[in-house]
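S.K.: Structure provided below as structure tokens; questions to follow.
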DNA sequence: ACCATTCCGTCAGATCATCTGACCATCGTC
DNA sequence: GACGATGGTCAGATGATCTGACGGAATGGT
């Protein structure tokens, strides 16, 4: 976070640039495709919905926000028709957040853009370095992502 | 942003985990050191203050927020004694945001934590892979950071 | 020199994101 | 069946961010 201009930038900040670039690209592409009412916060929650649906609490944990915040964002996503809540058959307290049709359309666009961006990055780095980068990041995730 | 659980995660999202982990560590360490009134948004602005001071507009550009937002955050940092604004001798319209004494103390703590975290990551990955990771991220920055 | 244009920063107001604290219903266990 | 843990919501507060409008200062062309 704190790292003024100086030769060697810290690894964490270096990781931030690609992420931010991807997020900006995604948001722009989605807006261009007519999904112009999505915010980054909503996206970060939506990105964690598993195929069969995911509990609100699980979404909150993975996104590192409180369940209130997650609930708030899911409310918006639901009102906009991207997701729906269905009762969890295994637990009457819980509900599963699932992608609705409109949500699935968004995912399709997002996937395409992600592949596009990744192809650009690979072109810039070269196949080998890109593969090394992916491998290193995957290993780093073991110690930086508490919700694997 | 959109990338539900599935084998291969996209590179951008993989980049996010280390960044988030670092930011959390920094915030916790600063709070423990008595700087418990700093927010991540303030940190992201403060991180871009160059040694001699930086203009508000430049801070806003680099952090990818509007100058209004940057101004708001600098207001808070100034009120809390972390930074100060001085006239820019080369342009009467502009002012330079500089680190104040309290800000420099924060930077010192932050630097220490960053080094600590980076050492942990390097221990997990091994020297060679860590070096590859850094090199790849630095090259990736060429195409993902508009304000180098 | 003068004017138009551009740039730096602020003010005002709105909206979105996020948190803490309190609360209820249900689950699982002893 | 009573009790602590878990899933989720309600209410209220604060923080971060945006758009739009503006005033003062620099800059470049005529």
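S.K.: Over the Cα atoms, compute the radius of gyration (one decimal) and Dmax (the largest Cα-Cα distance, rounded to a whole number) for chain B, in Å.
M.R.: 17.4, 56
S.K.: Take the Cα coordinates of the protein assembly as shown, assign each an equal point scatterer, and use the Debye formula without solvent to give log10 I(q)/I(0) at q = 0.15 Å⁻¹.
M.R.: The Cα Debye sum returns log10 ratios of -1.26.
S.K.: Using only Cα atoms, figure out Rg for the range A:101-143 and give it as a multiple of 2.2 N^0.38 Å.
M.R.: 1.48
S.K.: Using helices alone, what [θ] at 222 nm do you get for the protein assembly as shown, with -39,500 (n - 2.57) per DSSP H run of 4 or more residues, divided over all residues and rounded to the nearest 500? Spell out each step's value before the answer.
M.R.: On the way: 12 runs with 186 residues, N = 296.
Computed mean residue ellipticity for the protein assembly as shown: -20500 deg cm²/dmol.
S.K.: Also: What percent of all Cα-Cα pairs in the range A:66-142 falls in each 5 Å bin, counting up from 0?
M.R.: 3, 13, 13, 14, 13, 12, 14, 11, 5, 2, 0
S.K.: Distances from residue B:124 to the same residue in each other copy, label points 7 Å out along Cα→Cβ, in nm, shortest first?
M.R.: 2.5
S.K.: What do you get for the angle between helix A:67-79 and the principal long axis of chain A? Use alpha-carbon atoms, 0 to 90 degrees, nearest ten.
M.R.: 70 degrees
S.K.: As I understand it, the value is the acute angle between the Cα axis of helix A:101-125 and the longest principal axis of the Cα atoms of chain A; what does it come to in degrees, rounded to 10?
M.R.: 10 degrees
S.K.: Hey, another quick one. Relative to the longest principal axis of the C-alpha atoms of chain A, give the angle of the C-alpha long axis of helix A:11-32, reported between 0 and 90° and rounded to the nearest 10°.
M.R.: The answer is roughly 50 degrees.
S.K.: Reported to two decimal places, what Rg/Rh ratio describes the range A:1-70 when computed on Cα atoms with Rh from the Kirkwood expression?
M.R.: Working: Rg = 15.5 Å, Rh = 14.3 Å.
Here Rg/Rh amounts to 1.08.
S.K.: Say a label goes 7 Å from Cα toward Cβ at residue B:91 in every copy; what distances in nm does this one have to the rest, shortest first?
M.R.: 5.5
Any read-out appearing in this document is the output of simple, stated calculations on the displayed coordinates, not a laboratory observation. The shown structure was predicted, so the numbers you read here are calculated from the model rather than taken from an experiment. Note: ideal-geometry Cβ built from the backbone for every residue, glycine included; neighbour counts use all protein chains shown.
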